[in-house]
1. Place a point 7 Å from the Cα of Arg27 along the Cα-to-Cβ direction; which residues of the stretch 39-79 have their backbone N under 14 Å from it?
2. What does the extension gain come out to for Ala154 and Ser80, with contour length at 0.36 nm per residue minus their alpha carbon separation?
3. Per the Kirkwood definition applied to all pairs of different Cα atoms, how many angstroms is the hydrodynamic radius of the stretch 66-109?
4. With all protein chains present, how much of the accessible area of the stretch 34-107 (probe radius 1.4 Å) comes from carbon and sulfur, to the nearest whole percent?
5. If you stretched the chain out fully between Ala116 and Arg99, how much longer would it get, using 0.36 nm times the residue separation minus the C-alpha to C-alpha distance?
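The values are calculated or read from the model by the stated rules, or taken from the named source; none is laboratory data. Note that the structure is a prediction, hence the values are computed from the model and not measured. Cβ placement follows ideal geometry from the backbone for every residue including glycine, while neighbour counts extend to all protein chains displayed. For accessibility, only protein heavy atoms count, side chains too; no ligands or nucleic acids. Shrake-Rupley method; radii C 1.70, N 1.55, O 1.52, S 1.80 Å.
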Amino acid sequence: MRRRLTLWGAIALLGLGVACGQPAMGRNDARTFAREALTRIGFTGVRVSPTVTLANYRSPDRRFRTQKAVQVWRTHSTVSTGTVDLYVPRKGNSAVFVRDEASAGGPLLTDSQFKALQRFRLNPAQRRRRDRLETPTIAAVVLAVVVACALFLAYLLGATERGGPPPPPPPLEDGVAPPPPEPEPSSEPESASVL
């Protein structure tokens, strides 16, 4: 029992650190977390109570008593072989505490299920935010690529206009060279020189 409390205390601290970058979960998100977590670790007939309460959780382990309490959603679920209460952080993606009881009495989760629950990560609010931002992000990337290509093309066209090689002379007609270009008239008067 003490080992489990220590592990949950460590997970609560890790969850608090991860929570800084996580969007806040609502009641329905906490219910979704509980249902998916319990299904993932092997339970069948999972029913999560619609009553989800907001509370503060502080680890009972003395080593973590000085840590700030974590705001959690308390969920209660029934499974085919007992009940499970999961405390899910409001800002996070993993459970910070579990209370389990088999229908026949005693603990419900096996050690492997307990470890699988520790590893389970989900934040439905983050998934929704990612899905909502996916289309604008793709559009922004496409727009950036189009603008970069247009700028590169404009640079290339500008470089050929500024100092590119002179255009080739027109082709010779019947072996006769074209007449030389006529000099452009000057707007300044010609100066005479005395010999």
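1. Inside the label zone: 49-55, 73-76.
2. Stretched out fully, the Ala154 to Ser80 stretch lengthens by 19.9 nm.
3. Working: mean 1/r = 0.0879 Å⁻¹.
In the stretch 66-109 this quantity evaluates to 11.4 Å.
4. On the way: 1850 of 3970 Å².
That fraction is 47 percent.
5. Numbers: separation 17, 0.36 × 17 = 6.12 nm, distance 1.51 nm.
Gain on extension, Ala116 to Arg99, equals 4.6 nm.
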